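Here's the structure, in structure tokens; my notes come after.
The values are calculated or read from the model by the stated rules, or taken from the named source; none is laboratory data. Quantities reported herein were computed from a predicted structural model and do not represent experimental measurements. Methodologically, a virtual Cβ is constructed for each residue, glycine included, from the backbone with ideal geometry; neighbour enumeration extends over all protein chains shown.
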Ligand SMILES: Cc1cc2nc3c(=O)[nH]c(=O)nc-3n(C[C@H](O)[C@H](O)[C@H](O)COP(=O)(O)OP(=O)(O)OC[C@H]3O[C@@H](n4cnc5c(N)ncnc54)[C@H](O)[C@@H]3O)c2cc1C
């Protein structure tokens, strides 16, 4: 017997999944084929090497990619930087180095019948294989790959099309990709960052590092809320009654009230509200599944922004930097909506409406950066593979358009409502079924469960012929 597992996407999820498969192989000879369209495996968007040392938003102590070895990342970091402590917030690129190292170590220690192949190329389609029930991954510029299992680990989709971007798409002062920033900005320049979440914080940090002084920054988002800061809170301190929380899981209003009460109680006892959020974070998938769709919708509409800004926080030093920019008037945070953006010579003129107001304000800036975040709405996805898979009926969206509809272990649910036994999804679009599925720890846990499931399935599998490159 010979199995092939194709993992499309060699970022965080693909790498952690491959390492897990290598650690506990199925009985039969197995090829794990890790496919990446970018230049490097193991980093993805989050942990790429960039010209600014962006920091992880979780202390080193809590970021192991292996739940069985919780200090693995800290040990790796201390090997490189001996003075690093467990509570330190380290560079994201170092985490990328760690992921690559973890995969290499898993590969070296793997059983002889497990082989890891790295392929560079973009998968454009995954189709049922004509002669049996396996799958075929098709590329633009290389022969197709036939596999017993295909795992989609594609990362975050591109940001949604914005009507206000139509007139400025090709203008040099508009950046659709927030990681493509000009280097030469100084105190005489002004920048509008659209969106005020974690990406805005990254961009504001990078743009204000320069010796030439900081440009004047503006940000606009619907609520004008920015992420809270991390502290050295006690992550495992709250020992609340989980069953009590789960019991009110059919009303988001009740969950919210209980969360507020818990945060208050924690603070009154000398703790930190972040402990209550961490408690909720671990319950989130179970709570989410219990909420009726109408209540999930209520959460998305009314609570999500508040949850996101409290749950997904920035390192303390980054939070202090952002607070200082705001104190000195260098970063203006606005709640409102963009009406239009038009070229104004070398600059861009932005018309926007403050939240709750009618009048249009005008802002003229040297640069507009789109930091509105990924577009999870599958039916308008700009991702070639996802939109092809949806068109072919192999993947479907959830009722709220939060991501992909998946069954147990991330099995893709097709247009007829059937959970696939061969096609799986691993990544942030799992939030449709779990809500909290975007941070490294949650995705690591999903990767571990999926690896165990795949191995069980392949070990039990006694059918199928030789697979591999067609
Ligand atoms: C900027 C940023 C910073 C973050 N920082 C933190 C943090 O500090 N702490 C934390 O806990 N979480 C953080 N996260 C969240 C989390 O760690 C990431 O979202 C996680 O890395 C997602 O992993 P992924 O494998 O799904 O996506 P990625 O790591 O982005 O990998 C997806 C890969 O798939 C490839 N790909 C896509 N389509 C194809 C195709 N058709 N064919 C071939 N290859 C393809 C892409 O090129 C990419 O390399 C951050 C996320 C981002 C975006």
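Quick rundown of the values:
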read-out: Residue 200 vs. criteria within 16 Å of the ligand (Cβ to nearest atom) and in contact (Cβ under 8 Å) with a residue 12 or more places away in the chain; value: yes
read-out: Enumeration of residues in the stretch 94-105 that are under 28 Å from residue 143 (Cβ atoms) and more than 16 Å from the ligand (Cβ to nearest atom); value: 104
read-out: Selection from the stretch 420-444 of residues that are part of a helix (DSSP H, G or I), over 16 Å from residue 10 (Cα atoms) and under 14 Å from the mean Cα position of the chain (by Cα); value: 429, 430, 431, 432, 434, 441, 442
read-out: Filter result (within 11 Å of the ligand (Cβ to nearest atom) and not in a loop (DSSP other than H, G, I, E, B)) within the stretch 61-71; value: 62
read-out: Matching helices (runs of 4 or more DSSP H) fully within the stretch 252-351 where at least 1 residues are surrounded by fewer than 19 Cβ atoms within 10 Å (Cβ to Cβ) and either in the same structural domain as residue 216 (by TED's automatic domain parsing) or in contact with a strand residue (DSSP E or B) (Cβ under 9 Å, 6 or more places away or on another chain) (or both); value: 304-311, 316-327
read-out: Single match in 447, 452 (criterion: surrounded by fewer than 19 Cβ atoms within 10 Å (Cβ to Cβ) and at pLDDT 95 or above); value: 452
read-out: Tally of residues being touching a residue at least 40 places away in the same chain (Cβ under 8 Å) and surrounded by fewer than 17 Cβ atoms within 10 Å (Cβ to Cβ) across the stretch 237-251; value: 4
read-out: Selection count where residues are within 6 Å of the ligand (Cβ to nearest atom), closer than 23 Å to residue 141 by Cα and not in a loop (DSSP other than H, G, I, E, B), scope the stretch 7-56; value: 4
read-out: Check on residue 154, modelled with pLDDT of 95 or more, part of a loop (DSSP other than H, G, I, E, B), touching a strand residue (DSSP E or B) at 6+ places or on another chain (Cβ under 9 Å) and within 16 Å of the ligand (Cβ to nearest atom); value: yes
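Residue by residue, here is whether (1) assigned by TED's automatic domain parsing to the domain that holds residue 444; (2) surrounded by fewer than 20 Cβ atoms within 10 Å (Cβ to Cβ); (3) within 26 Å of the chain's Cα centre (by Cα) holds:
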{"position": "133", "(1), (2), (3)": "yes, yes, no"}
{"position": "143", "(1), (2), (3)": "yes, yes, no"}
{"position": "152", "(1), (2), (3)": "yes, no, yes"}
{"position": "191", "(1), (2), (3)": "no, no, yes"}
{"position": "217", "(1), (2), (3)": "no, no, yes"}
